[in-house]
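Here's the structure we're looking at; comments come further down.
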Amino acid sequence: MTGRTVSHYEILDRLGAGGMGEVFRARDTLLNRMVAVKVLPKSDSAGETSRLRFLQEARAASGLSHPNIITVHDILSDDGADLMVMELVAGKTLAELSLAGGLPIPQALKLAVQISSALAAAHAAGVVHRDIKPGNIMVTPSGLVKVLDFGLAKPTFAGLGGDSAKTASIAAPLTVQGSVVGTVNYMSPEQAEGKQVDGRSDIFSFGILLYEMVTGQRAFPGESAIAAMTAILRDEVRPIHELIPAAPPQLEEIVGKCLRKNRDERWQTMDELQAALENLKLLYDSGNAPTAQYPVPPKTVNRKLAVSAAACGVLVLAGAIWWEAASRGKPAPAPPVPPAAAVETPRQTPAPAPDGALSNDSIIEMLQAKVSTAVIVGHIRSSKTQFDLSTGALIQLSQAGAPEALIQAMRDASRPARPAAGAAAAQPEAPPAPPSGAHPEGNEKLIAISDAVPVSIELAEDIPLNAHAGMPLKFTVLTDIVASGDVVIPKGALVTGQIAGETRKKALVLKTEMTFQLEQVEAAGGQRLKLRAASTPGAGSARRPVDSGTAPGAKKKPKDVAAIAGTQFVAYIDGNQSIAIRR
């Protein structure tokens with residue numbers, strides 16, 4: 001692009017790469033001003049989605065008029081490539097500024113007030129940024145802030161009124177509920193879980209940014225994306241005053257309220273947050289900066305040295321007593337042994353997976369933090385892995401709630417690459433011994449079956465209208481249930497259940513209230529899986545009316561029958577379970 005002229009913009013030199021393309025310095029030959037031109041190449045591998053995001057960024061930013069938001073001048077197309085012309089801002093991003101040790105609190109507040117003002121304006125126009133991070137905050141030499149990169153911005157008009165709600169002329173959002181968008185270390189919990197977001201998501205991300213600006217450290221550190229996302233969903237940040245003793249309590253409260261996991265407990269609008277920051281900044285500007293009011297922790301004493309000194313003291317005292325007794329010709333008592341509490345045993349911690357590789361513990365930790373399956377599978381495919389796929393480990397994963405799709409992704413990631421022709425294949429390590437009564441691991445395949453998998457069944461025998469509670473019932477499975485390419489529940493398999501509630505007579509009218517509950521189904525290899533009558537677990541899933549099924553149309557139900565043979569129902573797998581398929 002350098003040296004070319006597109007429309008009336010002369011491309012001078014390359015400045016760098018943005019979130020969705022390269023950025024060039026250019027000269028507007030009509031207005032004789034310097035501008036920045038972001039170019040999305042026509043060969044971009046992401047195709048139409050990247051182009052729509054590129055245009056969304058331009059439309060979102062162009063619809064916002066604010067001194068702390070980058071100004072978009074024009075949108076062009078040249079030989080299949082899309083170009084966005086913006087104001088040229090001289091300065092550095094917060095990511096380029098050295099944040100080691102943190103910024104001075106007055107400087108951090110000056111920048112934070114400007115950032116919050118920009119986001120308040122965006123929210124008032126119905127736009128959520130969704131990617132607040134140091135790399136998207138530009139600071140000029142004079143200290144002016146510019147918020148960049150609205151490529152992930154999303155319109156949220158709910159609760160916004162007036163003309164300002166119509167300012168952002170953005171097309172339909174490019175994401176749907178369940179997709180994860182944003183930069184992992186600066187995501188809100190709802191972003192990490194793929195939920196719908198609103199302005200309070202930006203408030204959480206802003207809190208992470210402000211924490212890092214003040215302390216110089218990540219609010220939610222992690223050696224991997226999974227570790228960082230888990231920390232965001234589960235952990236609390238280290239108190240600011242432990243890192244910066246001079247930080248006032250007011251600042252700690254502002255940041256802490258931004259970082260509440262429950263968005264209903266955060267600042268509810270960016271305007272509220274901005275007002276709190278401005279009040280604190282005003283105290284610093286007026287020379288009445290608040291002082292830290294935290295108790296100064298006492299100096300810590302090296303525990304090992306203290307233990308050693310105490311032990312030495314005991315021995316010296318014992319020696320003195322013994323010497324005194326010996327000098328008088330009396331039998332000396334044996335020197336006491338230092339107490340066992342004085343001996344410190346180092347804590348044993350499990351060895352981590354090498355090179356930050358994902359392990360079974362990483363997956364279970366993410367499941368416990370309620371990270372969506374799609375997010376975990378994405379990290380498995382993009383990270384180094386070291387999984388234990390033995391029978392016992394797979395059962396543990398299944399019990400932790402790992403669905404079949406997740407376990408299959410772990411299997412796929414663990415398959416070794418084929419050796420080159422003529423190369424000697426590496427000798428695999430000996431697998432752990434299978435549990436008692438299990439087939440050798442090489443002869444079986446453990447398949448996890450997720451909760452609520454539907455199973456179509458039909459009643460094997462008529463249920464009489466006078467059936468009593470506890471009467472056993474039999475059903476048969478209508479179609480094969482397949483998981484991981486294997487039939488885990490064959491067609492015709494027996495399903496057992498029983499009558500749970502009887503028909504009751506009210507006044508002179510016979511009212512059918514008969515219900516049944518399911519117990520189990522015979523799966524492959526004679527194994528059994530638990531079933532329930534409804535798709536969602538809970539008290540309401542245990543029973544189901546016998547007349548709620550689909551009866552065969554050709555056969556008329558007799559008056560003394562509550563449900564005829566052939567009536568069809570849908571049962572559901574009750575909880576995450578697994579079975580072993582013999583190879």
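Here are the numbers:
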| item | result |
| --- | --- |
| Fewest-first sequence of R14, R266 by Cβ atoms within 10 Å of each Cβ | R14, R266 |
| Rg in Å to one decimal, and Dmax rounded to a whole Å, for the range 357-413 via C-alpha atoms | 9.9, 26 |
| Other-chain or far-sequence residues with amide H under 5 Å of V488's (modelled H) | I481, V482, A483 |
| Lysine pair count for the range 447-582 [Cα-Cα under 27 Å; pairs on different chains or 8 or more apart] | 23 |
| Footprinting exposure proxy for M410, M1, M34, M229 (fewest neighbouring C-beta atoms within 10 Å first) | M34, M1, M410, M229 |
| Residue-count net charge about Y572 - beta-carbon cut-off 12 Å; Lys, Arg +1, Asp, Glu -1 | +1 |
| Equivalent-ellipsoid semi-axes of the range 447-582, from the Cα gyration tensor, Å, largest first | 29, 16, 11 |
| Too-long pairs where the Cα-Cα distance tops 25 Å, listed order kept, from K195/K257; K38/K146; K38/K110; K92/K133 | K38/K110 |
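Values in this text are rule-based calculations from the coordinates and carry no lab data. In this text, all values refer to a predicted model and were calculated from it rather than measured experimentally. Counting neighbours? That spans all protein chains shown, and the Cβs are built from the backbone with ideal geometry, glycine included.
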